[in-house]
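In what follows, a structure is listed as structure tokens, so that the remarks can point back to it.
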Amino acid sequence: MTSTSTPSLLPGTSRTLAASVRGLSKTYGDGDTAVHALRSVDLDLAPGRFTAVMGPSGSGKSTLMHCMAGLDRPTEGSVTIAGVDLTTLDDDRLTHFRRDHLGFVFQAFNLLPMLTARQNILLPFELTGRRMEDGTAERIEQVIDVLGLRDRLDHRPGELSGGQQQRVAIARALAADADVVFADEPTGNLDSTASAEVLAFLRRSVAEFGHTVVMVTHEMDAAAYADDVVVLADGGIREHLVAPSRARVAQALEGGAR
Ligand SMILES: Nc1ncnc2c1ncn2[C@@H]1O[C@H](COP(=O)(O)OP(=O)(O)OP(=O)(O)O)[C@@H](O)[C@H]1O
């Protein structure tokens, strides 16, 4: 197994990391039946980058994302986002941290069916009574325009296409101005046109709003929208590729099959 080009700091970024993972391990079960889903993973993500996490089925992609996003607890190690080590937070604090600092774009959209698109987008604020800071309302309007949702705001999810629903989910993640937006196979339920649209919007959110996006994907076409690609194999990071070519990503993925 090779290990190359893990960047401690990417060119053109500030010195603060968007997310830092140290010695992250996750073991399911114990004894003979223990599954080591993650084995002492170290990973730094610079802010304002779009990173795809790839690797074979069972390599630990979802486990890594869930531990990084505070949705699952690692067995060992730390995850630091916005200067806070998530593994030190109790469940209540972790819930608050997710609400205040993280965004989620998952395959099943996670929209509330009885609310309109606008209400879903504003949910992080309305549900929790979180106060909007200066400029937030204007930014949300901008996100709505960038995502092309202006004429769909009064529709409920059931009245929207899959791609539009996913755009609402992205708008909600961006509206909250998350420190890191986590996307788990965000195009898994979409046709190729809608997938391309959603990925282009994630790309724009990084370029135009400076967001940090981490996306688990199986698809090379989806990864092509990302800046960087982290390739997992057998619970560890095989490579962290900075602005790789498609051929380079393919090579890193094939490394495990040999
Ligand atoms: N709740 C669980 N209990 C036991 N084992 C689990 C659990 N969740 C995941 N695993 C195991 O941990 C390993 C990593 O799983 P994970 O879902 O993170 O992989 P993945 O790369 O996301 O896979 P896929 O691409 O198939 O979604 C696998 O061997 C899986 O079977």
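The values are calculated or read from the model by the stated rules, or taken from the named source; none is laboratory data. Just so you know, these numbers come straight off a predicted model, no measurement behind them. Because the Cβ atoms are built from the backbone with ideal geometry, glycine has one as well, and the counts that use them run over all protein chains shown.
Quick look at the values:
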| item | result |
| --- | --- |
| Meets criteria (at pLDDT 85 or above, within 16 Å of the ligand (Cβ to nearest atom) and surrounded by 16 or more Cβ atoms within 10 Å (Cβ to Cβ)) for ALA183 | yes |
| Counted residues, segment 41-74 - those being in contact with a helix residue (DSSP H, G or I) (Cβ under 6 Å, 6 or more places away or on another chain), in a loop (DSSP other than H, G, I, E, B) and surrounded by 17 or more Cβ atoms within 10 Å (Cβ to Cβ) | 3 |
| Test result for LEU86, more than 16 Å from the ligand (Cβ to nearest atom) and not hydroxyl-bearing (Ser, Thr, Tyr) | yes |
| The one condition in (1) over 15 Å from the mean Cα position of the chain (by Cα); (2) within 16 Å of the ligand (Cβ to nearest atom); (3) at pLDDT 95 or above that VAL53 fails to fulfil | (1) |
| Residue count, segment 20-40 (criterion: modelled with pLDDT of 95 or more and either assigned to a helix (DSSP H, G or I) or away from the ligand (no atom under 11 Å from the Cβ) (or both)) | 7 |
| Residue in segment 138-157 that is farthest from ALA175 (Cα to Cα), counting only those that are among the basic types (Lys, Arg) and assigned to a helix (DSSP H, G or I) | ARG152 |
| Among (1) without any contact (Cβ under 8 Å) to a residue 40 or more places away in the chain; (2) away from the ligand (no atom under 12 Å from the Cβ); (3) of a type outside the set (S, T, N, Q); (4) under 16 Å from VAL230 (Cα atoms) - the single one LEU43 does not satisfy | (1) |
| Residues (within 13 Å of the ligand (Cβ to nearest atom) and either farther than 30 Å from ALA34 by Cβ or polar (S, T, N, Q) (or both)) located in segment 193-221 | THR217, GLU219 |
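Here's the yes/no breakdown for (1) within 19 Å of ALA69 (Cβ to Cβ); (2) among the β-branched types (Val, Ile, Thr); (3) assigned to a loop (DSSP other than H, G, I, E, B):
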position: ASP177; (1), (2), (3): yes, no, yes
position: VAL181; (1), (2), (3): yes, yes, no
position: PRO186; (1), (2), (3): yes, no, yes
position: GLU208; (1), (2), (3): no, no, no
position: HIS211; (1), (2), (3): yes, no, yes
position: VAL214; (1), (2), (3): yes, yes, no
position: LEU232; (1), (2), (3): yes, no, no
position: LEU241; (1), (2), (3): no, no, no
position: ARG248; (1), (2), (3): no, no, no
